[in-house]
Amino acid sequence: MNRSTLSRRQAFMAGAALTAAPTLLIRTHAQIGAPTPPPTGPHKLPPLGYAYDALEPHVDAKTMEIHHSKHHSTYVFNLNRALVDHPDLQKLSVEELLKNLDKVPDKIRTTVRNNGGGHYNHTLFWQCLSNEGGAGPEGALDEAFGQLFKNKEEGQEEFIKAATGQFGSGWVWISVDKDKSLKLETTPNQDSPLLAGRTPLLAVDLWEHAYYLKYQNRRADYLKAINNCLNWSFIQKRWEKLTA
């Protein structure tokens, strides 16, 4: 076989391969099938309750949109997916799941802890914010804060100090202990006071996705701004319910 014959044969085989390639790709796609639809489940993304730009200029609209429609929705999606094969766990609220993690199978426990925590924490966080916030506690709640801090100014300073002292991603909380006293605390990742037997009263997200577009690495500036957005009407009612 001479060199020219070999070259023609190589060219023919190469052309045939290129012609067959689209068919191969189509078959491969058919074998893969259509994308798996999102799992349905008991947990739903709650409405924000206000427009994405409602907290301007303290929190920018783009951050709120991404935070709610992307980050929070992903936690809900992953939580429902983890529970697909566990109808008994689907009957529990997210709070009940987090309080009873020891009853969650090892295989999905970390997923439920992280994504259930993300869902629970954000649901509370959205309610703790308002474009009419910043007034401060009143009545019995104000007295309870007085047992935790000497005055409002010290309270704000201690809150920011605790939040900026939280290494990496996490949350800062005012929680209600079993004796109905208030506690300032932080948790890493998507953990919450629920895991320690306390009930969150007020939550502020410390993950960078909550503030980075506007404040970059200036977490303290973000916290000062958030103070102007705290929904004390909601927090007051929540306190009354938790301590009734």
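Quick note: the coordinates plus some simple rules give every number you see, no bench work behind them. Everything numeric here is computed off the predicted structure, so don't read it as measured data. In this analysis, Cβ positions are derived from the backbone assuming ideal geometry, glycine residues included, and neighbour counts consider all displayed protein chains.
If you keep only loop residues by DSSP, which GluC sites (Glu not before Pro) in region 74-177 have at most 14 other Cβ atoms within 10 Å of their Cβ?
132, 138
Using only alpha-carbon positions, what ratio does the radius of gyration of region 48-202 give when scaled by 2.2 N^0.38 Å?
Working it through for region 48-202, the quotient is 1.13.
Give the residue list of trypsin sites (Lys or Arg not before Pro) in region 118-207 that are DSSP loop and have at most 14 other beta-carbon atoms within 10 angstrom.
150, 178, 180
Quick one: which residues, 5+ away or cross-chain, put their amide H under 5 Å from the amide H of residue 129? H built at 1.01 Å from N.
231
What are the ³J(HN,Hα) couplings of region 46-57, residue after residue, when phi is run through the Karplus curve with 6.51, -1.76, 1.60 and θ = phi - 60°? Round to Hz, x for glycine and proline.
x, x, 5, x, 7, 5, 4, 9, 5, 9, 4, x
Restricting to region 139-242, compute how many DSSP beta bridges are antiparallel as a %, nearest 5.
Counting DSSP beta bridges with both partners in region 139-242, the antiparallel share is about 100 percent.
Just flag the GluC sites (Glu not before Pro) in region 167-243 sitting in loop per DSSP whose Cβ has no more than 14 other Cβ atoms within 10 Å.
none
Are any of the pairs 70/161; 107/178; 180/237; 44/178; 152/180 more than 26 Å apart by Cα-Cα distance, and if so, which?
Exceeds cut-off: 70/161; 107/178; 44/178.
Let me check I've understood the local charge: for residue 182, count other residues with C-beta under 13 angstrom from its C-beta, Lys and Arg +1, Asp and Glu -1. What total comes out?
-1
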